[in-house]
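Taking it in order: structure first as structure tokens, then the write-up.
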């Protein structure tokens, strides 16, 4: 009886050992230990105040704070891990040597599901630059974005509050700042308004600071934002450009006329400034001294920056050029310039099936006295034609043949640009 009992106990013990061994084999086959790489883990920097207390700041090169972690553990755990399950830190108090360039800080990785010994960061150290703290004050430059206010309006004056801002950061970064910009979106504005606008930092290469660089900067405001007051101005079109001249042309010559191109511009202005502009005939006067004809015996041009001549409270509209060209026509005393409409120029020898089209509205013809006074010559007395012999479809620069009454002579030959096209059906 006793022998049978002992045999049963021994058998049961052997069965338990076999069962445990079998369970271990099954577990290791179905859930083995594996090693995997988890990229994209962001390293969190700790105890930055430890560095700042010494009048310095730490800075990490953009992208260097993202590492890969080698993870070892059971497949059932490792396969489910993501970068969000891992906490990587670099404690600035752990810096061993402050005299290296760059300074290396050990990286520690923790995970609630695995031991730290099973987590291996790559790289194992974070590269950190330590720089002196610097504070600089900058004027806030307010600019308008690409949008447009409602029709008939243009952004006039814009002002920021505060209009200047102090920026503190690593010396190497602060010294790269060229300007601080607040960009206002004017889309569909129809009245004066005030907007909160975020600040952009522009470096000396005229490129924006990245979010990473911006994160190292501190401001004397709670956030990098200013209040911008926007004044809308009304637009006035067809403002004339006028002007005279000083001096005298060469002997035997005269100033025939001065033409401004463009002859009219569009401006925007405050209500008071537009009233004052209307009082002078909605015109901008070019000072006579800007056009000096002294000793001139031929046509010439003068480029004028019209923006510098605008009265206070007036500005050019967004798409208006700030340059106006004054063309001064100088003629001999016995000559005169006539404008001949191209519609009155006869087209000769136009091929059948083609139609003559002029590229310009008028042609300027200079005529001098040759026995008769020019006051007696009328535009209708001048005959003009172009000869298109042999010309096919296309565009041509063609001499203009001028026939004048007796007593007058042509000062110089003239030409015009014409097109020969096929008529559109139905014409």
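Quick notes on this structure:
- Residue 75/residue 46 FRET efficiency (R0 30 Å; Cβ-Cβ; nearest 0.05): 0.40
- Taking 10 °C and 1.306 mPa s as conditions, the range 235-332 diffuses translationally at an estimated 111 µm²/s according to Stokes-Einstein applied to its Kirkwood radius (Cα pairs).
- Shape class for the range 335-421, computed from the alpha carbon gyration tensor (a ≥ b ≥ c): prolate, with a/c not under 1.5 and a/b above b/c.
- Percent of beta bridges antiparallel (DSSP, the chain, rounded to nearest 5): 85
- Note on the chain: with a GNM built from Cα contacts shorter than 10 Å, the maximum mean-square fluctuation among 205, 282, 65 falls on 205.
- Between residue 191 and residue 300, residue separation times 0.36 nm minus the direct Cα-Cα distance comes to 34.8 nm.
- Two-site label geometry, residue 141 and residue 323: point separation in nm, points 7 Å out along Cα→Cβ: 2.2
- The range 127-274: mean projected area of Cα convex hull, nm²: 14.8
- Cα-based convex hull volume of the chain per residue, rounded to whole Å³: 371
- Length gained on full extension, residue 307 to residue 383: 23.1 nm, using 0.36 nm per residue less the C-alpha separation.
- Helix-derived mean residue ellipticity, 222 nm - over the chain, DSSP H n ≥ 4, -39500 (n - 2.57), to 500: -3500 deg cm²/dmol
- Taking 317, 187 and counting other C-beta atoms within 10 Å, the order from fewest to most: 187, 317
- For 146, 352, 48, the sequence from fewest to most other C-beta atoms within 10 Å is 352, 146, 48.
- Inter-label distance for residue 278 and residue 83, nm, one decimal - labels placed 7 Å from Cα along Cα-to-Cβ: 6.3
- Largest GNM mean-square fluctuation among 409, 160, 182, using the chain with Cα springs under 10 Å: 409.
- Scoring 57-63, 418-424 by mean Cβ neighbours within 10 Å over their residues and listing the highest first yields 57-63, 418-424.
- P(r) of the range 185-264 over all Cα-Cα pairs, binned every 5 Å from zero, in whole percent: 3, 8, 12, 10, 9, 9, 8, 8, 6, 8, 7, 5, 3, 2, 1
Bear in mind these aren't lab numbers, they're just calculated from the coordinates by the rules spelled out. Fair warning: this is a prediction, and the values are worked out from it, not measured in the lab. Neighbour counts run over all protein chains shown; Cβ positions are idealised from the backbone, glycine included.
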